[in-house]
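Any read-out appearing in this document is the output of simple, stated calculations on the displayed coordinates, not a laboratory observation. As the structure is a computational prediction, the values presented were derived from the model and not from experiment. A quick note on method: Cβ atoms are made from the backbone with ideal geometry, for glycine too, and the neighbour counts reach across all protein chains shown.
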Amino acid sequence: MCRPSDIVSPSIVVESELTDFDADQRLLAMSGVSLVIFTSVGCASCRFAREQLPRLDLHVDRLCWIDAGDNGGVVERYQVFHLPALFVVRDGEFFGALKSRLTSNELNAAVTQALTRTAEELP
């Protein structure tokens, strides 16, 4: 018999859900590297990302999920044009968008490269 206490999340990183109302405040307060991921319920690639990213051995401290369909303000500020869209934030500083396949090796390389850029303020 399976009880709720028997179910363990497969995630190896901390996950957060952000919204228009709290995204900026929470990202500014978080220390370490955050991978900010914009997704949508109707997007097949987004469902794949939601399923796979928590299981990957990523060199980030947390995954921050934003539902693009419900959070138009932050979508506009980050200039999200396709989904899923991934961005890197470290210690409240913005390091830009990632263009990578959703594999641990390619994402880790993209995060490392992004962190060499000049940091900016959050959008």
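Approximating the spin labels as points 7 Å out from Cα along Cα→Cβ, the Asn108-to-Leu122 distance works out to 2.8 nm.
Charging the Cβ of each Asp and Glu at -1 and of each Lys and Arg at +1, and nothing else, the dipole of the chain about its Cα centre rounds to 420 debye.
When you filter the trypsin sites (Lys or Arg not before Pro) in region 64-119 for DSSP loop state and at most 13 other Cβ atoms inside 10 Å of their Cβ, you are left with Lys99, Arg101, Arg117. With both residues required to sit in the chain, DSSP beta bridges show an antiparallel share near 50%. Mind checking the full-extension length gain between Asp57 and His82? Use 0.36 nm per residue of separation minus the Cα-Cα distance, one decimal, nm. Here the answer is 6.6 nm. Summarised as an ellipsoid, region 11-114 has semi-axes of 18, 17, 13 Å, derived from the eigenvalues of the Cα gyration tensor scaled by 5 and square-rooted, with the largest first.
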